[in-house]
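The values are calculated or read from the model by the stated rules, or taken from the named source; none is laboratory data. What you are looking at is a predicted structure, and each value in this text was computed from that prediction instead of being measured. Neighbour counts are summed over all protein chains in view; Cβ atoms, including those assigned to glycine, are modelled from backbone coordinates with ideal geometry.
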Amino acid sequence: MKREEVFARDGHRCVYCGEVFAADELTIDHVQPRVRGGDRSGGNLVTACGGCNVLKGHRRLADFLRATPSAYANFRRYARHVWPRHLRVLEDEIGQ
Ligand SMILES: [Zn+2]
């Protein structure tokens with residue numbers, strides 16, 4: 001799935017802070033990192049703003065969401081297109 005398609009699907013809204021941004025302020029985030037076998041299908045890609053991407057840094061998504069409850073709440077509200085199997089892994093790891 002192309003970046004612009006992901007942004008359009010998510011309404012240009014960052015799934016971590018919940019705010020809407022212009023396309024040039026947005027990035028694509030992989031729920032399951034590519035190095036861990038994650039692909040570029042729509043169910044593995046979410047829209048993230050540059051600020052949240054920096055905040056997340058190189059942490060694994062589950063570690064970032066566990067440490068940032070507001071981001072986890074927004075993720076559960078807005079990341080509606082993520083594959084259920086990825087969501088189950090996150091919920092298991094975060095334990096909420
Ligand atoms: Zn954000």
Self-check item: Any hit, the range 18-28, residues being among the small types (G, A, S), touching a Pro at 6+ places or on another chain (Cβ under 9 Å) and modelled with pLDDT of 95 or more
Solution: no
Practice problem: Could you list all residues from the range 73-89 that are of a type in the set (A, V, I, L, M, F, W, C) and either touching a His at 6+ places or on another chain (Cβ under 9 Å) or under 16 Å from V6 (Cα atoms) (or both)? | Solution: F75, A79, V82, W83
Quiz item: For the range 1-58, how many residues meet the condition of being of a type in the set (D, E), within 16 Å of the ligand (Cβ to nearest atom) and out of contact with any His (no Cβ under 8 Å at 6 or more places or on another chain)?
Solution: 4
Quiz item: Quick one: would you say A79 is in contact (Cβ under 8 Å) with a residue 12 or more places away in the chain, within 15 Å of the ligand (Cβ to nearest atom) and crowded, with 18+ Cβ neighbours inside 10 Å?
Solution: yes
Self-check item: Residue check, D92 exposed (fewer than 13 other Cβ atoms within 10 Å of the Cβ), over 20 Å from M1 (Cβ atoms) and without any contact (Cβ under 8 Å) to a residue 60 or more places away in the chain
Solution: yes
Exercise. Search the range 39-63 for residues that are more than 22 Å from G95 (Cβ to Cβ) and touching a residue at least 40 places away in the same chain (Cβ under 8 Å) and pair each with any residue that is within 13 Å of the ligand (Cβ to nearest atom) and acidic (D, E) when their beta-carbon atoms are under 7 Å apart and the residues are at least 6 apart or on different chains.
Key: T47/D10
Quiz item: In the range 39-68, what count of residues is obtained for those that are assigned to a loop (DSSP other than H, G, I, E, B) and surrounded by 16 or more Cβ atoms within 10 Å (Cβ to Cβ)?
Solution: 1
Quiz item: Mind checking which pairs have a first residue in the range 11-37 that is part of a helix (DSSP H, G or I) and a second that is among the small types (G, A, S), Cβ under 6 Å, 6 or more apart or different chains?
Solution: E25/G50
